[in-house]
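Taking it in order: structure first as structure tokens, then the write-up.
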Amino acid sequence: MIPDLIQELDANDSLAHKYHDFVIDSSIAYMDGNSLGPLTTFAQARTVEVVQQQWGGDLISSWNKHNWIDLPLSVGDKIAPIIGAAKGQVVCCDSVSVNIFKLLSSALALQPDRDIIVSLDDNFPTDLYMAQGMSRLLGSERCVLETLSIDRLLARLDSSVAVLLLTEVNFRSGERLDMRAITQAAHAHDIMVIWDLSHSTGAVPLELDACEVDFAVGCGYKFLNGGPGAPAFIYLNERWADKVEQALCGWMGHAAPFEFDPEYQAAKGVRKFLSGTPNILSLAALDASLEVFDGLAMEQLRDKSIALSELFLQLIEQAEELASLRCISPRDPHKRGSQLSFAHPDAFAICQALIANGVIADFRAPDLLRFGFTPLYQRYADIWVVVEKLKEIMTSGSYHQPEFQRRGKVT
Ligand SMILES: *Cc1c(COP(=O)(O)O)cnc(C)c1O
């Protein structure tokens, strides 16, 4: 029985109606929208339409007739208000990894006398891998990656650093960095900053323009619910629009791709970050899913996200049987994104047992159990159910069963 207090929270929830925009089995509690957002009813309908009417019926004329050709920019303009950006500065394409490579090439070209990329030891590995690849390609005279811990970051910033590559919300701990203060500190030394917003976009209010961010990337398939492998995005601050170049300069980023000019000439502004032909099916799904954010204030979403995670923590802290779960996320909700992570030596098996019991959480090696908070489709009652199931699993020790120890390719 769900306690009255929890039922009341749901009854008074001004975002409750959004639940119906999603296709979710009501018997499960989905706590993994930070890894893969669920299907929206909008994407479900649009995908069918694009496949049947546009691709199936109108074929190649759809590039003009259905404006496929401008989809990367029109989807970018829908993402812009979610990240605090004026229109015309966001393009939707490729993956976060590939987009980081492009932005690193742009930032380094703007810093001909500097060769150091600074990032954090615990950044998402693909961000570091792309910087390592750039360093191997350009050689150590032109590009060196240095990583350090967050407490040493500000002291390291000086005029030898070309680029700062940071992720705003850490994928393991959920710790959120101070975008405004760090960007300002970097700019005091003319360092370019690339922010990775994969765990931030659609989860927390952002103010990219107001913080004078240079460049950013973000993910389409997490809190934006664009679908598996949905395209990522690039934000290019307008002040750099005509000053930057990028290395993966394919025909779709050309000023006039259908002139088939043998010489590359970059398109104006953020369009130059396109490389090849856009992935229309995925872009269309993301475009449709963004309707969920229409007219929504990110602060309203954030308030509910904090309320959900605080309720979760409170219920966990009250439960003696859950004392072995050690919360590694910041205790202050304003210092974290929209997730909570707990360390436990059996985190993998506990996560598998939760999944078998209708609670979809995830595991991050080596020992983290991670819960994402997604106010658009989570109910307070879900939070209560998750903690009850977790208590059952921990008390009974059911997670010790052999079937919960087996690891697939994706964990
Ligand atoms: C999810 C995530 C990515 C994903 O990168 P892709 O290349 O799009 O798979 C990158 N960086 C961070 C911080 C992420 O959380």
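The values are calculated or read from the model by the stated rules, or taken from the named source; none is laboratory data. The model shown is predicted, which means the values in this text are computed figures rather than measured ones. As a convention, Cβ positions derive from the backbone with ideal geometry for all residues, glycine included, and neighbour counts pool all protein chains shown.
Considering only residues that are in a loop (DSSP other than H, G, I, E, B) and among the charged types (D, E, K, R), look in the stretch 335-371 and name the one that is surrounded by the most Cβ atoms within 10 Å (Cβ to Cβ). Full working, then the answer.
Within the stretch 335-371, the subset in a loop (DSSP other than H, G, I, E, B) is 337-338, 344-346, 357-358, 361, 365-367.
Among the residues that remain, those that are also among the charged types (D, E, K, R) are: 346, 367.
On the way: D346: 18, D367: 16.
It comes out as D346.
Looking only at the stretch 256-305, count every residue that is part of a loop (DSSP other than H, G, I, E, B) and either of a type in the set (K, R) or touching an Asp or Glu at 6+ places or on another chain (Cβ under 8 Å) (or both) and tell me the total. Even if it seems obvious, please write down each step before you answer.
First pass over the stretch 256-305, keeping only residues part of a loop (DSSP other than H, G, I, E, B): 256, 260-265, 267-268, 274-279, 294-297.
Filter once more, so that each one left must be either of a type in the set (K, R) or touching an Asp or Glu at 6+ places or on another chain (Cβ under 8 Å) (or both): 268, 275.
Total meeting the criteria: 2.
Specify which of the listed residues (L73, L36, L15) is surrounded by 12 or more Cβ atoms within 10 Å (Cβ to Cβ), under 15 Å from L308 (Cα atoms) and in contact with a Lys or Arg (Cβ under 9 Å, 6 or more places away or on another chain).
Testing whether each residue is surrounded by 12 or more Cβ atoms within 10 Å (Cβ to Cβ), under 15 Å from L308 (Cα atoms) and in contact with a Lys or Arg (Cβ under 9 Å, 6 or more places away or on another chain) leaves just L15.
Touching a Ser or Thr at 6+ places or on another chain (Cβ under 8 Å), in contact (Cβ under 8 Å) with a residue 40 or more places away in the chain and hydroxyl-bearing (S, T, Y): which single residue out of Y30, Y19 fits that description?
Only one candidate passes the filter, namely Y30.
Looking at L165, is it at pLDDT 95 or above, assigned to a strand (DSSP E or B) and within 13 Å of the ligand (Cβ to nearest atom)?
For L165, the condition - at pLDDT 95 or above, assigned to a strand (DSSP E or B) and within 13 Å of the ligand (Cβ to nearest atom) - is met.
State whether the residues of the stretch 41-62 include one that is in a strand (DSSP E or B), surrounded by 11 or more Cβ atoms within 10 Å (Cβ to Cβ) and touching a residue at least 40 places away in the same chain (Cβ under 8 Å).
If we filter the stretch 41-62 for residues that are in a strand (DSSP E or B), which is where we start, we get none.
No, there is no match, as no residue in the stretch 41-62 is in a strand (DSSP E or B), surrounded by 11 or more Cβ atoms within 10 Å (Cβ to Cβ) and touching a residue at least 40 places away in the same chain (Cβ under 8 Å).
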